[in-house]
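Report on one structure; see the data block that follows.
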């Protein structure tokens, strides 16, 4: 067991990832170049609360309070992210100009494209690089925007859960941050990597090069589409689909490489699938996987045309669906790029057995589904300007991170 003396270390804020079907909380500490997991826990969201907004909100608040009470989280500072469906993301090009003029132009663009109020709503951007547009050099920008009400409601929920929000992030930036620290070798910084995270409803695609984000795309297809496709073909409900997919994963993956299901594995879960059912599941997953890969291929085409000569050499695959070997095979076969399953906690210290258990699998596991939460807890440790909600947080009386920790 590693002895964690928090007074001599630098505990980070709690990283809180609230997904459609699960809530993940993790806190890291940094000391002398080592990163340790202070505490971690996760709760599965009941399917029954998905449709009722108020009931879902109450469930989330209750679950966060319980996880805080049952684990050794240090302090109540938290960095969380907004759900994908509440954030608008787009790439655009503007002529070179000073930052104040650029921000004004971006606010006008957000108002025009998405109907946001440029004086009220949260709008921020990342400078992705310079590109040749005809005979003119322009700035390629990634615009992030959400409405003021979304920020206020999110902050209110966190405060009701007894947390102190110090920053609100967006999923693509959190995802990239969780891996950026591992790309500091010169050979890694000189090549483009795609970070791919497949959640329940969205697939997040982030292109990174030289320690910077250079392209982002949110694809409105995720793990839930696999389940719906299987259910439609077999004529069964979502609970049965999840059980069948659990059986298939048990057949495909060795022990210790599966995410936590939030409970014990029953005898039924260990039953092998019959050949016809297995084939229907394989075909359904392949169909959706090919749809996702088609969208990723369009992203690749845009990137290679925009940033000429910058070849993509690697894909890092995370999220709960990274355990789906069928999807992994489709990615490898059709993208024709090296695809690695993510290990976002590789090299981290796991000081207590309970922490390891709460992460969802043993130390041989990959922890693919923790990539976003880890990136949230690491906010402040790289050079990305991606804080979406600072103006709203200041208006709410909440301090944002120091100016030298803008990421």
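Some observations on this one:
- Just so you know, in region 114-141 the residues that are assigned to a loop (DSSP other than H, G, I, E, B) and farther than 30 Å from residue 153 by Cβ include one that is farthest from the chain's Cα centre (by Cα), and it is 135.
- Restricting 295, 291, 338, 352 to residues that are out of contact with any helix residue (DSSP H, G or I) (no Cβ under 6 Å at 6 or more places or on another chain) and modelled with pLDDT under 90 narrows the list to 352.
- Pick from region 248-274, criterion at pLDDT 85 or above and in contact with a helix residue (DSSP H, G or I) (Cβ under 9 Å, 6 or more places away or on another chain), ranking: farthest from residue 21 (Cα to Cα): 273
- Residues of region 228-241 classified as at pLDDT below 95 and surrounded by 17 or more Cβ atoms within 10 Å (Cβ to Cβ), total: 1
- Just one of the listed residues (328, 345, 300) is touching a helix residue (DSSP H, G or I) at 6+ places or on another chain (Cβ under 8 Å), in a loop (DSSP other than H, G, I, E, B) and crowded, with 16+ Cβ neighbours inside 10 Å, namely 345.
- Residues in region 41-48 include none that are in contact with a strand residue (DSSP E or B) (Cβ under 8 Å, 6 or more places away or on another chain), at pLDDT below 90 and within 19 Å of residue 345 (Cα to Cα).
- Test: residue in region 96-113 that is within 29 Å of residue 21 (Cβ to Cβ), modelled with pLDDT of 90 or more and not in a loop (DSSP other than H, G, I, E, B): no
- Which numbered condition residue 373 misses (of (1) closer than 30 Å to residue 152 by Cβ; (2) at pLDDT below 85; (3) crowded, with 16+ Cβ neighbours inside 10 Å): (2)
The values are calculated or read from the model by the stated rules, or taken from the named source; none is laboratory data. Remember, predicted model here, so these are calculated numbers, not experimental data. Using ideal geometry, Cβ is built from the backbone for each residue, glycine included, and neighbour counts are taken over all protein chains shown.
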